[in-house]
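Notes to accompany the following structure.
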Amino acid sequence: MQSAAEIGWLIPLLPLFGALASGFGLIGFNKGMNRLKKPVAITLLSCVGISAVLSYAVLWEQILKPHPVEHLFVWASAGEFTIPMGYVIDPLGAVMLALVTTIALLVMIYSHGYMAHDKGYVRFFTYLALFSSSMLGLIISPNLLEIYVFWELVGMCSYLLVGFWYDRDGAAHAAQKAFVVNRVGDFGLLLGILGLFWATGTFDFNGIAEGLSEAIDLGTVPVWAALVLCFLVFMGPMAKSAQFPLHVWLPDAMEGPTPISALIHAATMVAAGVFLVARLEPLYSQFPLINFVIAILGTITCFMGASIALTQMDLKKGLAYSTVSQLGYMMLAMGCGAPIAGMFHLVTHAFFKAMLFLGSGSVIHAMEEVVGHEPILAQDMRLMGGLRKKMPITAITFLIGCVAISGIPPLAGFWSKDEILGEAFNTFPFLWAIGFLTAGMTAFYMFRLYFLTFEGDFRGDDEEVKKFLLASAGKEEEEESHGSGVIHESAWPMTIPLIALAIPSVLIGFVGIPWNSLFAKLLNLDEAIELSKHFSWGEFIALALASVAISVAGIYIAFLAYYKRKIDISVLIANRFPKVNSFFSNKWYLDDINEKIFVRGSRKIAREVLEVDAKVVDGVVNLTGLLTLGSGEGLKYFETGRAQFYALIVFGGVISLVALFGVLGN
């Protein structure tokens, strides 16, 4: 009997077949296919569900006996040159397969309720299945070349889903922004892959690491070139995992439907970059400078995301900048040479961040019943408040997510984030200090989101705030856009995934307790044993107490400011430090810089190129046409049909040439 790993290739293939079937159905029989909502949903859910069962079977096999299973075939060859393709399943891949299929399945169940009345329901489910398939294919890819293929498929699917509501200007622009920013990173990744192949002659992960080390020792590749190639490859994860300064696409991606925001932020798009860096750990571990650069960029991203989240009033964008910050923590771990800690935080973060985003979708879905479908109104926390009594399941699960991400024990975020801070403390103490400060900021802004959304009095009927929000967005109030319903808890397809995600958000951290980490033993037994030997209770307790203390302080300040209303943050901080507040609220002015330099700059260049095209290129073409027309018109009078006349013309031409050469010769 075959093991689950032997048929692991079916895991990405099943959602792909489902997506292709429904996709071709939409192309060929659009109207009929759009009527088959339930059959399509059941089919695609079944495909992802079977993939999830296979993924858990693969994970169980790896838990019992960690060992890689690899199957390759020759995809292209020329003489001795071959390019192998296939799949590989190892402990790291098994963990990611189980994570992605779980989150994807729950998001699809949630989407059945959230997108029930959307005219693009079938198209949305098709995109979700294709997105899941692309990420699963990326996970089991055995080399960089195959990863790049699925890397681009993941990017394409994110473009389609972020711009799903393409008739909205915001969604269309956000999709374009995500596409362009990721092209920058992907171009660097492609150059790096080709450069590493040139240097090592292989696309295999371990082969590249060993080959580059040998090439440096032999002197065929200088160290500076190896560093450049490693950084170029890292540019791909910089964009995919939203690291500074290529993070700018991720908050704008909130223009897509909320379920896809949950999938992007938890288990697919942004997870791909962290996963690739973990896969390339044998390569990056050879270059401390590259690791230091990764750690620096991760720390900047971590602090930047948290600082911007402090000022956000849009519920989804607040969570989006929270994701940016947490991704910074993961990259900080990678730069500290602790990929296991980074991957562990990726896993724990996936569960509570998916729950938080789906919870925000539940809130927005309910708010639309009152304020209408205008995102500016339905997503702004200034119009929320008091929702806990009306939406208890959403409120409780959202609170669990806030506690988890704040790093309060014994929930999952405490174990994973503290492990990263511990690694940073031992490797780069200054970066630890910034990460430590960010932990307090995280607790503050997350409970700020919770208190503004679920506690206090409901503010959705405040017409002055509505007018202000619409005016600030340059829009006019439309009566027909307003809902007429009341706030109520979401239907079971939306609440069951929230409950399901709340369980691992509480419990999954226990698989990574630092003195006996089952997670570390699964990914790398030797490293886990080494970590256990060097574990210090004194250091752990001191760092943990400090981390919990600053998180509790952040929660307490948020409690006083947004629940008890005893302190006014705007008076206490914003008015005292207006420039700092403006810097954070304007997102470090990075969007403005991009708009001025890249967007307007590229448009200016495009206009100048258009001017050259119109005046020079078109002018040459038009002049050629006019000369041809004029010469043709003139020469037609020489068409007499008399041979003597033609001979006279030829003779005159010859005499002219002789005279010309004579003048030039003198």
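When restricted to Cα atoms, the chain yields an Rg and a Dmax of 29.9, 113 Å, respectively. Placing +1 on each Lys and Arg Cβ and -1 on each Asp and Glu Cβ, with no other charges, gives the chain a dipole about its Cα centre of roughly 960 debye. Of the residues Cys47, Cys230, the one with the largest accessible area comes first in the ranking Cys47, Cys230, computed with a 1.4 Å probe on protein heavy atoms.
Solvent-accessible area of Met235, all protein chains in place: 40 Å² (probe radius 1.4 Å, heavy atoms, ligands and nucleic acids excluded). Once you have the Kirkwood Rh of segment 204-338 from its Cα pairs, apply Stokes-Einstein at 4 °C and 1.567 mPa s and quote D in µm²/s. It comes out at roughly 84 µm²/s. One decimal place: the segment Ile7-Ala549 gains 190.3 nm when fully extended, by the rule 0.36 nm per residue minus the C-alpha distance.
Taking segment 384-452 as the region of interest, what is the percent of Cα-Cα pairs per 5 angstrom bin, listed from the shortest bin to the one with the maximum distance? Taking all Cα pairs of segment 384-452, the binned fractions are 4, 17, 22, 20, 14, 10, 7, 4, 2, 0 percent. A DSSP coil position with no more than 14 other Cβ atoms inside 10 Å describes the following trypsin sites (Lys or Arg not before Pro) in segment 1-102: Arg35.
Our Cα-only numbers for segment 124-241 put the radius of gyration and Dmax at 16.9, 57 Å.
Taken about its Cα centre, segment 587-633 carries a charge dipole of roughly 260 debye when the Cβ of each Lys and Arg holds +1 and the Cβ of each Asp and Glu holds -1. Which longest uninterrupted range of the chain lacks any GluC sites (Glu not before Pro) assigned by DSSP to a loop state (not H, G, I, E or B) and surrounded by at most 10 other Cβ atoms within 10 Å? Segment 81-475 is the longest. For segment 1-126, the convex hull drawn through the C-alpha positions has a volume of 136 cubic angstrom per residue. Note on segment 69-117: along the principal axes its Cα atoms extend 56, 28, 10 Å, ordered by decreasing extent. Stretching the chain fully between Asp167 and Tyr56 yields a gain of 36.0 nm (0.36 nm per residue, less the alpha carbon separation). Let me make sure I get this right: for segment 244-289, a, b and c are the square roots of the gyration tensor eigenvalues over alpha carbons, sorted descending. Under 1.5 in a/c it's rounded, otherwise prolate if a/b > b/c, else oblate. Which is it? It comes out oblate by the Cα gyration axes. Rounded to the nearest 20 debye, the dipole magnitude of segment 513-615 is 640 debye, with +1 charges on Lys and Arg beta carbons, -1 on Asp and Glu beta carbons, and the Cα centre as origin. Checking the cross-link filter: which aspartates and glutamates have an alpha carbon closer than 17 Å to that of Lys65, excluding same-chain neighbours under 8 positions apart? Partners within reach: Glu6, Asp90, Asp526, Glu527. In segment 413-563, Rg over Rh equals 1.13, where Rg is the alpha-carbon radius of gyration and Rh the Kirkwood radius from pairwise Cα distances. A dipole drawn for the chain from +1 and -1 charges on Cβ atoms has a positive end, and of Ala242, Leu560, Val511 the residue lying farthest that way is Leu560. Shape of segment 187-254 from the C-alpha gyration tensor: prolate (a/c of 1.5 or more and a/b above b/c, with a ≥ b ≥ c the square roots of its eigenvalues).
Label zone of Arg183 (point 7 Å out along Cα→Cβ, amide N under 14 Å): in segment 139-168 this covers 156, 159. If the chain linking Leu648 and Val616 were pulled fully straight, counting 0.36 nm for each residue of separation and taking away their Cα-Cα distance, it would gain 7.6 nm.
Its residue count N fixes a reference of 2.2 N^0.38 Å for segment 494-625, and the Cα radius of gyration divided by that reference is 2.05.
Label sites at Thr628 and Ile83, each approximated as a point 7 angstrom past Cα along Cα to Cβ, lie 4.0 nm apart.
Suppose each label sits 7 Å from its Cα in the direction of the beta carbon; what would the Glu539-Ser602 distance come out to in nanometres? In this crude spin-label approximation the distance works out to 4.6 nm.
Take the Kirkwood radius over Cα pairs of segment 240-319, plug it into Stokes-Einstein at 20 °C and 1.002 mPa s, and you get 154 µm²/s for translational diffusion. For Lys177, the lysines whose Cα falls under 27 Å of its own Cα, not counting residues fewer than eight places away in the same chain, are Lys119, Lys240, Lys316, Lys317, Lys353, Lys475, Lys587, Lys596, Lys604. For Val69, the residues 5 or more places off, or on other chains, whose built amide H falls under 5 Å of its own are Ile89, Asp90. Under 18 Å of direct C-alpha separation, and excluding same-chain neighbours fewer than eight residues apart, Lys533 reaches these lysines: Lys521. Measuring nothing but protein heavy atoms, the accessible surface of segment 485-643 at 1.4 Å probe radius is 67 percent carbon and sulfur.
Protection proxy ranking of 348-358, 376-386, 188-198, by the mean of other Cβ atoms within 10 Å over each peptide's residues and highest first, is 348-358, 376-386, 188-198. Taking square-rooted eigenvalues a ≥ b ≥ c of the alpha carbon gyration tensor, is segment 312-362 rounded, prolate or oblate, where a/c under 1.5 means rounded and, failing that, a/b exceeding b/c means prolate? Oblate shape, in that a/c is at least 1.5 and b/c is the bigger or equal ratio. The distance separating the Cα centre of segment 537-589 from that of segment 84-107 comes to 37 Å.
Placing a pseudo-label 7 Å from each Cα along the Cα-to-Cβ vector at Lys38 and Asp591 gives an inter-label distance of 4.2 nm. Each part gets one Cα centre, and for segment 1-74 versus segment 152-200 those centres are 24 Å apart.
The values are calculated or read from the model by the stated rules, or taken from the named source; none is laboratory data. Just so it is clear, the structure is predicted and the values come from calculations on it, not from any experiment. Heads up, the Cβs are rebuilt from the backbone with ideal geometry, glycines too, and the neighbour counts pull from every protein chain shown. Calculation scope for accessible area: heavy atoms of the full protein, side chains included, ligands and nucleic acids excluded. Shrake-Rupley method; radii C 1.70, N 1.55, O 1.52, S 1.80 Å.
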